[in-house]
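Here the structure comes first, spelled out in structure tokens, and everything after it is commentary.
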Amino acid sequence: MSEKLITASLVVYQNSKEDIKKVIDSFLGYKFYSILFVVDNSADDSLKELCNDSKVEYIFNNKNVGFGAAHNIAFQRAFQLNSEYHILLNPDVYFKPETIIGLFEKAESDSSIGLLTPKIVYPNGDTQHLCKLIPTPKDLILRRFIPSQKIKKQLENRYELRFFSYQKEAEIPILSGCFMMIRTAVLKKINGFDERFFMYLEDVDLCRRIGKLSKLVYYPKVETVHNYEKGSYKNKKLLMYHIKSAIKYFNKWGWIFDRERTLINKKTLLNLNYKK
């Protein structure tokens, strides 16, 4: 392995110590040149005791500044350190060192790649369908609220690319923010997350802006376990965050008329041999 610096950021907010320790230990399993920034939006710094390794830097905000804004703090540190790649980590993931190594080697083999994600699985090993098209209002609204399971499955089959073999490497327009490896130079060019998104859709917006500069690749030769909670399906407050972010997203990119979305989605479906 090269001694190129890989940085990572983990944004936490009143998470369980057990979950956060699992993420930190996963990252520390990667023994090469690397630094993890744990950015804490909690009201107290009780999670600081978990950050006792020299490769972990703890940043306490003392307030919830939002998911994207907290990651942006870590991005600035990554820029200062001139890291080669930066990894976004969710508080509910864990993985083996081979995941980082595999993504690093793939990125090194193709300089046109700006963002990579591994295969994401549930703790029982089942695949999570987190490769997606660029969303339309219909994709977000009908999937969430329509009572017809038949129509919902049809929408998910297309939008979440469920027809596609998640065993194959592919260029995908929207990849999951639960685990992303991004070329730091690309991250710097787009100036990180748009902080107008407090929570939700910030990763969709990030993917779209990175997609203007480089390729986004789903790389299933390595994987990450994700305890996917779908919080906005269970918590009304989180649902409101989701709705507000969706409104901001479509106000920014277009509700009905979004030519770029239409072209990219059409190309993606064609490349993946989608059949209705």
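Quick test of your reading of the structure: residue 7 fulfils all but one of (1) touching a Leu at 6+ places or on another chain (Cβ under 7 Å); (2) exposed (fewer than 15 other Cβ atoms within 10 Å of the Cβ); (3) of a type in the set (Ser, Thr, Tyr). Name the failing condition by number.
Among (1) touching a Leu at 6+ places or on another chain (Cβ under 7 Å); (2) exposed (fewer than 15 other Cβ atoms within 10 Å of the Cβ); (3) of a type in the set (Ser, Thr, Tyr), residue 7 violates only (2).
Within the stretch 260-275, does at least one residue satisfy the condition of being aromatic (Phe, Trp, Tyr), farther than 27 Å from residue 122 by Cβ and either at pLDDT 95 or above or not in a helix (DSSP H, G or I) (or both)?
no
Sort through 194, 205 and tell me the only one that's assigned to a loop (DSSP other than H, G, I, E, B), out of contact with any His (no Cβ under 9 Å at 6 or more places or on another chain), in contact (Cβ under 8 Å) with a residue 40 or more places away in the chain and more than 30 Å from residue 125 (Cβ to Cβ).
194
Keeping to the stretch 234-259, report how many residues are part of a helix (DSSP H, G or I) and free of Cβ contacts under 8 Å to residues at least 40 places away in the same chain.
Count: 9.
Kindly provide the set of residues from the stretch 41-61 that are in contact (Cβ under 8 Å) with a residue 24 or more places away in the chain, of a type outside the set (Gly, Ala, Ser) and in a loop (DSSP other than H, G, I, E, B), ordered by number.
Answer for the stretch 41-61, where residues must be in contact (Cβ under 8 Å) with a residue 24 or more places away in the chain, of a type outside the set (Gly, Ala, Ser) and in a loop (DSSP other than H, G, I, E, B): 41, 51, 53, 55.
Here are 179, 197, 193: which of them is touching a helix residue (DSSP H, G or I) at 6+ places or on another chain (Cβ under 7 Å), modelled with pLDDT of 95 or more and among the aromatic types (Phe, Trp, Tyr)?
Checking each option against the conditions leaves just 193.
Could you grab me the full set of residues in the stretch 151-169 that are in contact (Cβ under 8 Å) with a residue 24 or more places away in the chain and within 12 Å of residue 275 (Cα to Cα)?
Across the stretch 151-169, the qualifying residues are 158, 161, 162, 163, 164.
So which residues in the stretch 66-112 are among the aliphatic types (A, V, I, L, M), crowded, with 16+ Cβ neighbours inside 10 Å and not in a helix (DSSP H, G or I), if there are any at all?
If the condition is that a residue be among the aliphatic types (A, V, I, L, M), crowded, with 16+ Cβ neighbours inside 10 Å and not in a helix (DSSP H, G or I), then 87, 88, 89, 93 are the ones that fit.
Is it true that residue 154 is assigned to a loop (DSSP other than H, G, I, E, B) and out of contact with any helix residue (DSSP H, G or I) (no Cβ under 8 Å at 6 or more places or on another chain)?
Spelling it out, it is not the case that residue 154 is assigned to a loop (DSSP other than H, G, I, E, B) and out of contact with any helix residue (DSSP H, G or I) (no Cβ under 8 Å at 6 or more places or on another chain).
Only one of (1) of a type in the set (Gly, Ala, Ser); (2) more than 28 Å from residue 261 (Cα to Cα); (3) touching a Leu at 6+ places or on another chain (Cβ under 8 Å) is not met by residue 107, so which one is it?
(2)
Restricting attention to the stretch 63-86, which residues are in contact with a helix residue (DSSP H, G or I) (Cβ under 7 Å, 6 or more places away or on another chain) and hydrophobic (A, V, I, L, M, F, W, C)? Reasoning before the result, please.
Let us first name the residues in the stretch 63-86 that are in contact with a helix residue (DSSP H, G or I) (Cβ under 7 Å, 6 or more places away or on another chain), namely 67-68, 75, 78-79, 83-86.
Scanning the stretch 63-86 gives 67, 75, 78, 79.
Name the residue, out of 36, 47, 10, 5, that is in contact with a Ser or Thr (Cβ under 7 Å, 6 or more places away or on another chain) and at pLDDT 95 or above.
5
Of all residues in the stretch 157-188 being out of contact with any strand residue (DSSP E or B) (no Cβ under 9 Å at 6 or more places or on another chain) and in a helix (DSSP H, G or I), which is farthest from residue 269 (Cα to Cα)?
Looking at the filtered set, the residue picked out is 188.
Select from the stretch 13-24 the residues that are in contact (Cβ under 8 Å) with a residue 40 or more places away in the chain and out of contact with any Phe, Trp or Tyr (no Cβ under 7 Å at 6 or more places or on another chain) and write down the one among them that is surrounded by the fewest Cβ atoms within 10 Å (Cβ to Cβ).
Of the residues in the stretch 13-24, the ones in contact (Cβ under 8 Å) with a residue 40 or more places away in the chain are 13, 15, 19-20, 22-23.
Narrowing the set further to residues that are out of contact with any Phe, Trp or Tyr (no Cβ under 7 Å at 6 or more places or on another chain) leaves 13, 15, 19-20.
Numbers: 13: 18, 15: 18, 19: 16, 20: 19.
For the stretch 13-24, the residue satisfying everything is 19.
The values are calculated or read from the model by the stated rules, or taken from the named source; none is laboratory data. For clarity, every value in this text was computed on a predicted model and none was experimentally measured. Positions of Cβ are generated from backbone atoms using ideal geometry, with glycine treated the same way; all protein chains shown enter the neighbour counts.
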